[in-house]
Amino acid sequence: MDAQEKMLNELIKKQQADELKAKDRYEIPAQDMPAQDGIKRRSNMNEVALGYTETQARLEAMRCLQCKNAPCVEGCPVRIRIRDFVVAIAEGNNEEAISIIKHNSLLPAVCGRVCPQEVQCQEYCTVGKKFKDPEKSVSIGRLERYVADLAKEGDEVPGVALPTGKKVAIIGSGPGGIVVAADVRRAGHEVTIFEAFHKPGGVMVYGIPEFRLPKSIVQEEIDVLKKMGVELICNFIVGRTRTIEQLMTEDGFDAVYVGVGAGLPKFMNIEGEHLVGVYSANEYLTRANLMKAYQFGKGADTPIAVSKNVAVLGGGNVAMDSARMAVRLGAENVYLVYRRSEKEMPARVEEVHHAKEEGVQFCTLQNPKRILGDDQGNVVGMECLKYELGEPDDSGRRRPVAIEGSEFEIDVDTVIVAIGNGANPLIQQTTPGLEFNKWGNIVVDENCKTSLQGVYAGGDIVLGAATVILAMGQGRIAAAAINQYLHG
Amino acid sequence: MSFKILSKKQLSENVFQLDVEAPLVARSRKAGQFVIVSVDEDAGERIPLTIAGADPQKGSIRLIFQRVGKATAQMADLHEADALGYIAGPLGQPTHIQKFGSVVCVGGGIGNAPLLPIATALKEADNQIISILGARNQELLILEDEFKKISDELIVVTDDGSYGRKALVTEPLKEICSRDSKPDCAITIGPAVMMKFCCETTKGFNVPTQVSLNTIMVDGTGMCGGCRVEVGGQTKFVCVDGPEFDGHQVNFEQMMKRMSAYKALEQKALEKYRDHKCKIGLK
């Protein structure tokens, strides 16, 4: 028996005797996530974080103080009863834990992996506050993943109510669409999901890489929907193949949920952005993930740049994904160029750690002025400016200010622009009467209802840039509203 | 959906025509729009191809493509009753069709295929159609008969003079623009370099000229930005803002460089495919 197991056994004894005190809980070391070796994983696509062992999970769960007011729940966009499921794990009752989670969240294996817990549930955790270090909070996300992965094998299919005769169209098979499909189908409505790509899953398959979210997990969620009787039609571009109006007036759909994502990459608007070797993060990741460009010539037909020195522009999760993908595709040097300091980076702390472990070089407080090309139009370098931080801006983060005359060049052959997305214009161009704001995002009320009768929307096309969990949260709200609308 | 090939025809050495089952696309497509096609659902490349025609009753669309890389070579090796991996579309903004008066339609090589439905729609909108079709030689000229049917005037040129007039398309284009009643507008579809010179020609005569661009794409719905071109100094996405643009505003030099981004990699993939075919005894 190793030391950890010994510790756990003693704690269990105390727990059973009802003698486990806060002091004991504070003394349990925060459990690190087992991960693939930093050097080894530079050359494979396998998942990096390997998941807690049973002993680790139970120890980590015992760190939870079981606060009466459960502040963690306040930090969760879908208000999972976090304290209760953590207590269940601490007591060795994993099945109960997963059923508590599934009451609010349909995709725990996904959220446990990709939610930014440190700015959600874990930010509010009393343990983290006690140690004045949010990284010492109870690792709620890892615990969620642990029970979700255990439950995966015998995944039971949610029950479906008797047919209502009503039909709902869901546009986009990303996290929001999946949640709406499940909730609306459960109420007995016929559900069809329309997906523009040839594979379902939205950002979870084209954007988030395999090494962070294995595609098999997404596929399992899709399979559950299919078993529930949800119809899935790929290669169908709503707005072009059929318009929303046609779906509702000619094809017999009683309600529509628009969850098409953001999907229009922003560029820097600097000189040289049209050079060969400049990618949007969307393009780079889609080629690498969905189109499997890492197997180009070995079964996959979509090419991607063979790079030596790569600059990734941006500081969010998508920038980290791009940088870490470039590492895996064989680049010798990958620079993450960000105009603020590391503290202001919107990426999850864990992604930043992982990127550094894999050798991504962080170039903070600098930003490109122009991208340099050769006669053939290929990227050969990038001219950057150094920055310093000034007064806080509207976002509360300190504003980066360029230092005049600080130009310098870096040697790169590939540049990946990961500075966010604008709103895709396709639905706007083809849906008269649907109200949009000045940025092209769909305007909705608190129930995710749009200006058109029977049409609901959520996720990035409403929020701008959001997260998987926020899209799911909106999906839940929209589904409830759709069910009410159809019953009314 | 099956995307079954209903008929296949070889139009020239490297140009093929497929009529493929795609009822939803056939029903909603308009002139000027394109589809994304892939031979293999799991690992195939997504190729943008302009829709050359459609039969909504039969539920089929016509695709005309040139064998260039591995993906198109593989597609050319398919037979009737085989199926494509998938077809997604229609995509892009339809051509703006109205009565302009007289319209010069300039097609080069494979560009005649996407040009045909546009010229047909323009004819149906009561325009006078002057067509100029170009090819390197007689063997490579496609769709002449179809253009004959809808053109008020048809000029055929070949680079080597093996058929029609020995000239580049810009020569008759210049003559037509010099006529007393110069054309009201022009549309040109073909190799980038041909479109570039056509636009330079018409610019001198102030004849508004549309071009239809076929840049490298992945999704075709605005998501990747790989298809971006500079038009009038601004970044535009061919898939959602186009595929048609004011040719006088397009930065062709830059576009041509971007279009050759994967040439070396594609060449390798094609060689490997041919080699593989030899080994397994295909012709």
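Quick look at the numbers
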{"quantity": "Of the criteria (1) facing chain B (nearest Cβ under 9 Å); (2) of a type in the set (Ser, Thr, Tyr); (3) more than 25 Å from the chain's Cα centre (by Cα), which one A:Ser307 fails", "calculated": "(1)"}
{"quantity": "Selected residue (only one of A:Gly377, A:Gly420 is within 27 Å of A:Gly207 (Cβ to Cβ) and in contact with a Lys or Arg (Cβ under 8 Å, 6 or more places away or on another chain))", "calculated": "A:Gly420"}
{"quantity": "Identity of the residue in the stretch A:178-206, over 23 Å from A:Asn104 (Cβ atoms) and not in a loop (DSSP other than H, G, I, E, B), that ends up nearest to the other protein chains (Cβ to nearest Cβ)", "calculated": "A:Tyr206"}
{"quantity": "A:Gly405 vs. criteria in a loop (DSSP other than H, G, I, E, B), of a type outside the set (Phe, Trp, Tyr) and either in the same structural domain as A:Glu332 (by TED's automatic domain parsing) or in contact with a Lys or Arg (Cβ under 8 Å, 6 or more places away or on another chain) (or both)", "calculated": "yes"}
{"quantity": "Condition met for A:Met33 (of a type outside the set (D, E, K, R), open to solvent by 30 Å² or more (accessible area, probe 1.4 Å) and in contact with a Phe, Trp or Tyr (Cβ under 9 Å, 6 or more places away or on another chain))", "calculated": "yes"}
{"quantity": "Any chance A:Val218 is modelled with pLDDT of 95 or more and buried (at least 22 other Cβ atoms within 10 Å of the Cβ)", "calculated": "no"}
{"quantity": "Selected residue (only one of B:Ser7, B:Ser2, B:Ser38 is surrounded by fewer than 21 Cβ atoms within 10 Å (Cβ to Cβ), within 30 Å of A:Thr430 (Cβ to Cβ) and in contact with a strand residue (DSSP E or B) (Cβ under 6 Å, 6 or more places away or on another chain))", "calculated": "B:Ser2"}
{"quantity": "Any chance B:Thr188 is crowded, with 24+ Cβ neighbours inside 10 Å, away from every other protein chain (no Cβ under 14 Å) and touching a residue at least 60 places away in the same chain (Cβ under 8 Å)", "calculated": "yes"}
{"quantity": "Failed condition for B:Gln57, given (1) of a type outside the set (D, E, K, R); (2) farther than 25 Å from B:Asp219 by Cβ; (3) touching a residue at least 24 places away in the same chain (Cβ under 8 Å)", "calculated": "(3)"}
{"quantity": "Test for A:Thr467: is it crowded, with 17+ Cβ neighbours inside 10 Å and within 14 Å of chain B (Cβ to nearest Cβ)", "calculated": "no"}
{"quantity": "Residues of the stretch A:262-277 satisfying the condition of being within 30 Å of A:Leu486 (Cβ to Cβ) and at the interface with another protein chain (Cβ under 8 Å from one of its Cβ atoms)", "calculated": "A:Gly263"}
{"quantity": "Residue check for B:Gly220: of a type outside the set (A, V, I, L, M), assigned by TED's automatic domain parsing to the domain that holds B:Thr50, in a loop (DSSP other than H, G, I, E, B) and more than 19 Å from the chain's Cα centre (by Cα)", "calculated": "no"}
{"quantity": "Test: residue in the stretch A:63-71 that is open to solvent by less than 40 Å² (accessible area, probe 1.4 Å), more than 27 Å from A:Met228 (Cβ to Cβ) and in a helix (DSSP H, G or I)", "calculated": "yes"}
{"quantity": "Pairs with Cβ under 7 Å, 6+ apart, first in the stretch B:30-49 and assigned by TED's automatic domain parsing to the domain that holds B:Leu18 and closer than 17 Å to B:Thr221 by Cβ, second outside any loop (DSSP other than H, G, I, E, B) and of a type in the set (D, E, K, R)", "calculated": "B:Gly32/B:Glu244"}
{"quantity": "Matching residues in the stretch A:92-118 - criterion: being touching a Gly at 6+ places or on another chain (Cβ under 8 Å) and in a helix (DSSP H, G or I)", "calculated": "A:Cys111, A:Gly112, A:Arg113, A:Gln117"}
{"quantity": "Complete set of residues in the stretch A:155-177 that are open to solvent by 20 Å² or more (accessible area, probe 1.4 Å) and assigned to a loop (DSSP other than H, G, I, E, B)", "calculated": "A:Asp155, A:Glu156, A:Val157, A:Pro158, A:Gly159, A:Val160, A:Ala161, A:Leu162, A:Pro163, A:Thr164, A:Gly165, A:Lys166"}
{"quantity": "Residue within the stretch A:17-33 that is of a type in the set (A, V, I, L, M), over 24 Å from A:Lys129 (Cα atoms) and not in a loop (DSSP other than H, G, I, E, B) present", "calculated": "no"}
{"quantity": "Unique match (being within 14 Å of chain A (Cβ to nearest Cβ), outside any loop (DSSP other than H, G, I, E, B) and more than 16 Å from the chain's Cα centre (by Cα)) among B:Ala43, B:Ala73", "calculated": "B:Ala73"}
{"quantity": "Residue identified as under 18 Å from A:Arg113 (Cα atoms) and assigned to a helix (DSSP H, G or I) among A:Glu10, A:Glu60", "calculated": "A:Glu60"}
{"quantity": "Test result for A:Ala300, within 14 Å of another protein chain (Cβ to nearest Cβ), open to solvent by less than 20 Å² (accessible area, probe 1.4 Å) and over 30 Å from B:Phe252 (Cβ atoms)", "calculated": "yes"}
{"quantity": "Those residues of the stretch B:208-244 which are in contact (Cβ under 8 Å) with a residue 40 or more places away in the chain, within 12 Å of another protein chain (Cβ to nearest Cβ) and aliphatic (A, V, I, L, M), in sequence order", "calculated": "B:Ile216, B:Met217, B:Val218, B:Val240"}
{"quantity": "Which listed residue is without any contact (Cβ under 8 Å) to a residue 60 or more places away in the chain and outside the structural domain of A:Ile477 (by TED's automatic domain parsing), from A:Val48, A:Val78, A:Val87", "calculated": "A:Val87"}
{"quantity": "Failed item, numbered, when A:Ser139 is tested on (1) in contact with a Leu (Cβ under 8 Å, 6 or more places away or on another chain); (2) modelled with pLDDT of 95 or more; (3) crowded, with 20+ Cβ neighbours inside 10 Å", "calculated": "(1)"}
{"quantity": "Given (1) facing chain B (nearest Cβ under 10 Å); (2) within 30 Å of A:Gly433 (Cα to Cα); (3) open to solvent by 40 Å² or more (accessible area, probe 1.4 Å), number of the condition A:Gly239 does not satisfy", "calculated": "(3)"}
{"quantity": "Qualifying residue in the stretch A:475-484 (condition: outside any helix (DSSP H, G or I), over 15 Å from A:Gly259 (Cβ atoms) and open to solvent by 60 Å² or more (accessible area, probe 1.4 Å))", "calculated": "no"}
{"quantity": "Residue within the stretch B:248-270 that is part of a strand (DSSP E or B) and either assigned by TED's automatic domain parsing to the domain that holds B:Pro114 or of a type in the set (D, E, K, R) (or both) present", "calculated": "no"}
{"quantity": "Filter result (among the aliphatic types (A, V, I, L, M), assigned to a loop (DSSP other than H, G, I, E, B) and open to solvent by 10 Å² or more (accessible area, probe 1.4 Å)) within the stretch A:263-297", "calculated": "A:Met268, A:Ile270, A:Leu275"}
{"quantity": "Filter result for A:Ser139 (within 22 Å of A:Ala35 (Cα to Cα) and of a type in the set (Ser, Thr, Tyr))", "calculated": "yes"}
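The values are calculated or read from the model by the stated rules, or taken from the named source; none is laboratory data. Treat the numbers as computed from the prediction; the structure is a model and nothing was measured. Cβ sites come from the backbone with ideal geometry, for glycine too, and all protein chains shown count toward neighbours. Side chains are part of the model used for accessible areas, which takes the heavy atoms of the whole protein and leaves out ligands, DNA and RNA. Shrake-Rupley method; radii C 1.70, N 1.55, O 1.52, S 1.80 Å.
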